[in-house]
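Okay, structure first, notes after.
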Amino acid sequence: MPPVIETVHNFIDGEFQPSDEYMDSYEPSTGQVWARIASSSDKDVEKAVQAAEQAFPQWSATPVAQRSKIMMKIADLIEERLDQFAEIESKDQGKPVWLAKMVDIPRAIHNFRYFATYALHDLNSSSIKQDTNSTNYTVKCPIGVTGLISPWNLPLYLLSFKVAPAIACGNTVVAKPSEMTSASTKLLAKVFQDAGLPKGVVNIVLGYGKIAGQALVVHPRVPLISFTGGTATAEHIRRSAANLCKKFSLELGGKNPAIVFEDCNFDKCIDTCIRSSFINQGEVCLCTSRIFVQRGIYDKFVQAFVEKAKSKSVGDPTDSSTFCGALISLEHRNKVTGYIEGARQGGATIQCGHGVLDLDLPARCKDGYFVRPTVITDISDDSPAMREEIFGPVTCVVPFDNEAEVIQRANSVKYGLCASLWTENVSRVHRMSPKLDAGTVWVNCWLVRDLDMPFGGTKESGTGREGGKYSTEFFTEEKTICIQH
Ligand code: NAD
């Protein structure tokens with residue numbers, strides 16, 4: 001029997017709407033086409049913007065308690081359909097089903113609940129000045145139609161991290177998810193309908209970034225763009241909208257270091273570095289891809305880390321024992337293995353992973369895009385695998401001698417998204433953390449996310465912060481009202 005091909009249309013003005021063209025979407029673990037996705041034009045984007053504009057006056061005037069109630073319902077309905085969401089995300093993205101069930105979908109639910117309740121308590125400020133006889137207060141006003149562009153690595157999770165604060169603040173939305181992972185938007189749009197979200201509040205336009213995404217970025221009546229994706233794309237977006245005075249939040253790539261001192265909790269460090277390097281096939285912007293280990297424990301670390309990396313199973317994402325599923329596409333797999341081969345040719349040692357061990361895959365996965373967790377040593381700081389974002393299950397482990405040296409080396413790349421520091425020395429933590437070029441420094445942990453805290457990058461990892469009050473600031477204009485008595 002031929003496989004069932006899903007068709008995923010745009011969601012505009014509360015309805016599923018066909019587009020003139022469709023594209024194929026591949027299942028990464030089989031290499032087969034499994035869905036047809038709308039390939040939208042600027043005409044579709046215009047329709048979505050108009051729907052969002054029409055919905056804005058009523059949605060922005062809807063009491064925040066009512067907006068919150070609808071968002072809580074959205075969260076409940078995603079939770080009820082959690083298994084279905086997880087299966088679709090896994091099929092579409094290649095990640096293990098268990099991971100989507102444990103992380104992606106629960107986090108998406110949390111995003112809706114968090115911002116639904118946050119908005120209820122986000123107070124405006126006021127000040128009374130005797131010298132000018134004036135009372136000042138501020139109101140946070142929604143901005144209008146917001147353009148939200150998201151990547152393929154954590155599809156529902158990252159989309160919900162934008163949609164939830166945008167609508168909680170009273171904005172309406174035109175969202176453009178990645179063309180490679182749009183399938184779960186069909187289920188999400190159904191949740192919006194079932195939760196009673198008014199028509200036009202969230203519109204989803206599918207398709208290529210350079211067509212549909214670009215049309216959204218340069219649309220003169222979309223004053224805000226929240227973008228998560230690659231640094232090169234962000235540069236292009238910024239340039240193409242340079243004359244439009246838009247508000248931008250840009251969450252971009254990373255080349256994140258872990259810095260491991262001799263006094264660390266060794267076993268916890270090994271376990272966490274395995275997770276931080278290889279979870280979701282290394283396709284998380286926050287994944288560790290350079291591990292600096294203090295020389296005294298370097299050999300012990302490499303031995304334990306490589307042994308553990310070798311033990312992680314790679315294969316069918318539907319198998320509950322699979323640790324790494326498939327990479328997003330053949331092109332991406334070739335990019336990742338290209339870095340490994342480049343490192344090998346440059347004289348580095350590939351301790352385990354691609355090109356070292358063969359994969360034993362089930363028949364249905366024989367054309368999937370798999371790469372084993374790969375550990376590289378004996379590599380110089382200026383080689384591409386140590387400088388550029390690989391975005392796959394590949395990490396380099398190198399020795400260091402002292403604090404000043406490791407800070408300089410950790411900061412020597414163009415990115416500055418996150419870092420993790422492994423030491424039991426609290427003075428060292430306070431001394432080093434401010435000196436690391438990173439939006440987040442995790443100490444003796446990784447990916448412990450608190451939505452109250454600002455999230456974002458430094459240098460070419462992005463501009464702006466999101467989370468709690470930072471998202472509210474971004475998705476509103478705070479207006480000062482000054483009354484003289
Ligand atoms: P990408 O830049 O190729 O695409 C991201 C989104 O932008 C997609 O929806 C794409 O269709 C769209 N797009 C592409 N060209 C566009 C254009 N000209 N105008 C408007 N939109 C356009 O990134 P990707 O490959 O989907 O995602 C991987 C990247 O995302 C990695 O660099 C990763 O580090 C980064 N990322 C960052 C974070 C973070 O929070 N900092 C989180 C996840 C992923």
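At a glance:
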| read-out | value |
| --- | --- |
| Cα Rg, Dmax, the range 333-375, angstrom units | 11.3, 36 |
| Equivalent ellipsoid dimensions for the range 267-345 as semi-axes, Å, which come from the Cα gyration tensor, largest first | 23, 17, 11 |
| Volume in Å³ per residue [convex hull over Cα atoms, computed for the range 1-99] | 134 |
| Taking only Cα atoms of the range 402-485, radius of gyration then Dmax in Å | 17.0, 62 |
| Cα long-axis angle, helix 298-311 against the chain (0 to 90 degrees, to the nearest 10) | 70 |
| Long-range HN-HN contacts of residue 288 with modeled amide H, under 5 Å | 277 |
| All aspartates and glutamates inside 18 Å of residue 47 as judged from Cα atoms, apart from same-chain residues fewer than 8 positions distant | 13, 15, 20, 21 |
| For the range 108-204, convex hull of alpha carbons as volume per residue, Å³ | 117 |
| Cα Rg over Rh - the range 17-172, Kirkwood | 1.09 |
| Globularity index of the range 67-107, i.e. its alpha-carbon radius of gyration over 2.2 N^0.38 Å | 1.23 |
| Distance from the range 443-484 to the range 352-401 (C-alpha centre basis), Å | 33 |
| Antiparallel DSSP beta bridges within the range 57-208, as percent of all bridges there, nearest 5 | 35 |
| Angle between the chain longest axis and helix 155-168 axis [Cα atoms, degrees, rounded to 10] | 30 |
| Size of the range 125-263 as Cα extents on the principal axes (Å, biggest first) | 58, 56, 37 |
| For the range 418-432 and the range 109-142, distance of Cα centres in Å | 35 |
| Average projected area [Cα convex hull, the chain], square nanometres | 24.9 |
| Share of pairwise Cα separations in the range 201-324, more than 16 Å, in percent | 71 |
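No lab work stands behind these numbers, since they all come straight from the coordinates. This structure is a prediction, so every number in the text was calculated from the model and none was measured.
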